[in-house]
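Single-structure report; data block below.
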Amino acid sequence: MRVGFVSLVGRPNVGKSTLLNALIGKKVSIVSDKPQTTRTRVRGIVTTSDTQLVFVDTPGLHKASTALGKRVNATALESMRDVDTVCLVLDATQTVGSGDRWVSQQLDVSKAIIVLNKIDAVSPAKVMAQLSAASEFGAAEYFPVSAKTGEGVAEFLEALATRATEGDAMYPPEMVSETPQAQWVAELVREQLLAVTRDELPYSIATRVTEWEWPRVRCEIVVERESQKGMVIGKSGHLLKTVGIEVRKQLPAGAFLELFVVVDKDWQHRADRVIRLGY
């Protein structure tokens, strides 16, 4: 058996989570169009007859101004250690800039793979121009892919398999994620809240499962201010009801999900609260 550990790093919103899901062939990481959706390490596993690849999806590296931001940056940086391959993911729709250069400086880019994602959204000429711009980093390999359509993903996966080394499989072949089920439910709730809330509110929201007596699950939605509580609940509870319906669609039949909103004042600015909430 050959086993490889792969870390996906990059700026926020370059499509790392969507790429992880495309590589695994199943949703193992929540996605949204809002930056900093991923806050913790998410591991996804691909197992074939002779190879097991363990992928680590990381929070987007950014200029942190809160305790939460500093914590997720540290998580992303730590995820580059003790892996066989680091993949720097770039956004084909965005100019290669100082943020990408800063991320590249946090790793040994000469041994890394640069993945140019979202090529479905730009012309072939733009893809070539972006790859040319990214060549300044001096990476070992470059792969243009579309996590959305799947273009280039199989070839990228094959290249990663060649970097795997001999060893015993770390996970059973049927396992595709190591995220505990309770944590996954909490993330699904946060994903739906990201989809329906606006402005700065999504970044003030945390979710955690506080009771698990299957099929009954109680999930707390944590906000920073009392005024945000009503915004999350919505008029006559409509918004919260919509979130519950969408989450239950992704759970096994018969699941009973209870959602509660609580206030933890300025939690994302307080390191102790950030840690207590699981980040």
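Rule-based calculations on the coordinates, nothing more; no lab input. Given the structure is predicted, the values throughout are model-derived calculations rather than measurements. With ideal geometry, Cβ positions are generated from the backbone for all residues, glycine too; neighbour counts draw on all protein chains shown.
The simple spin-label model puts a point 7 Å past each Cα toward its Cβ; for Ala140 and Lys126 those points are separated by 3.1 nm.
Cross-link partners of Lys111 among lysines, defined as those whose alpha carbon lies under 29 angstrom from its own and excluding same-chain residues fewer than eight positions apart: Lys16, Lys26, Lys27, Lys63, Lys70, Lys126, Lys148.
Counting 0.36 nm for each residue step from Ala133 to Gln183 and taking away their Cα separation leaves a gain of 14.1 nm.
Classification of region 19-108 by its C-alpha gyration tensor yields a prolate form. The axis ratio a/c (a ≥ b ≥ c) is 1.5 or more, and a/b outweighs b/c. Among the GluC sites (Glu not before Pro) found in region 157-238, those both in a DSSP coil and sparsely packed, with 13 or fewer other Cβ atoms within 10 Å of their Cβ, are Glu174, Glu200.
Among the trypsin sites (Lys or Arg not before Pro) within region 185-279, those in coil by DSSP and having at most 12 neighbouring Cβ atoms inside 10 Å are Arg198, Lys249, Lys265.
Which value in deg cm²/dmol, rounded to the nearest 500, describes the helix-derived mean residue ellipticity at 222 nm for the chain, given -39,500 (n - 2.57) per DSSP H run of n ≥ 4 and division by the residue count?
Value at 222 nm, helices only: -9500 deg cm²/dmol.
Region 148-166 and region 234-249 have their alpha-carbon centroids 38 Å apart. Across Gly99, Gly69, Gly254, mean-square fluctuation computed from a Gaussian network of the chain (C-alpha pairs under 10 Å connected) peaks at Gly254. Checking [x] 59; [y] 55; [z] 62 against the coordinates, the calculated percent of Cα pairs over 22 Å apart falls under label [x].
When only Cα pairs under 8 Å and 6 or more residues apart are kept, what is the percent relative contact order across region 77-234?
Result for region 77-234 is 15 percent.
Please work out whether region 2-166 counts as rounded, prolate or oblate from its C-alpha gyration tensor, where a ≥ b ≥ c are the square roots of the eigenvalues and a/c under 1.5 means rounded, while otherwise a/b larger than b/c means prolate and anything else oblate? Rounded shape, in that the Cα axes give a/c under 1.5.
Each Lys or Arg adds one and each Asp or Glu takes one away; over the other residues whose Cβ falls under 10 Å from the Cβ of Val42, this sums to +1.
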